[in-house]
Structure formats: C-alpha cells, structure tokens
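*Asks:* Submitted below is the structure of interest, expressed as structure tokens.
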Amino acid sequence: MPFDSNSRKTRGPQLATVHTLDVRSKRMAANAKQGTYLGTTLTGFTAFVAGLYRGGGLGIVFAIVGAGLLLLSAAGFYKIKTV
C-alpha cells in the first residue's frame, strides 16, 4: 500500500480550533482588588512558610510578616464580599 497523504489526514487526531480573544469577548469575572489581595495572599503564604522553615530570629520576623499579610488579605477579601 503506497503512502497517501490524503489517507493520513483522516486517520490522525484532529487539531482543535484556537479562538483568540478580542475586545468584545467576555472577560474574567475578577477586579483589581481581588488581584491585589490574591497577590498579598501568595506573598504572605510564601513569607510565612519561609519563616517557619528558616527558624531563628530572621525566620520569626518573616513568619510574623507573612501571617500579617495573610490576615490583611483575608480581611480584604471579606470586605470585598460584603460590599
């Protein structure tokens, strides 16, 4: 059976169509405050865990700062939800 390029197209997996976003597309349901508090959450969690891992005087400072950032972001998310 000789190689036929047309038969190969029908046997293989079909590629999905890629749709690009334009100005009229629906956007994600998030606002700038949510993004800010998400960044604060990630930074706070990273600092808290790094402080616990590091230990010692500097580790305690990182853990306290991280815990403070986590509390700040939780309060900010709560404030957004109740408004």
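The values are calculated or read from the model by the stated rules, or taken from the named source; none is laboratory data. Note that this is a predicted model, so its numbers are computed, not measured. FYI the Cβ positions are ideal-geometry reconstructions off the backbone, even for glycines, and counts take in every protein chain you see.
*Asks:* Kindly check whether there is at least one residue in segment 10-23 that is part of a helix (DSSP H, G or I) and modelled with pLDDT under 95.
*Replies:* Scanning segment 10-23, I find at least one residue that is part of a helix (DSSP H, G or I) and modelled with pLDDT under 95, so the answer is yes.
*Asks:* Go through segment 51-71 and count every residue that is assigned to a helix (DSSP H, G or I) and loosely packed, with under 15 Cβ neighbours inside 10 Å.
*Replies:* 12
*Asks:* With (1) within 20 Å of F77 (Cβ to Cβ); (2) modelled with pLDDT under 95 as the list, and K26 as the residue in question, which single condition is left unmet?
*Replies:* The one condition K26 does not meet is (1).
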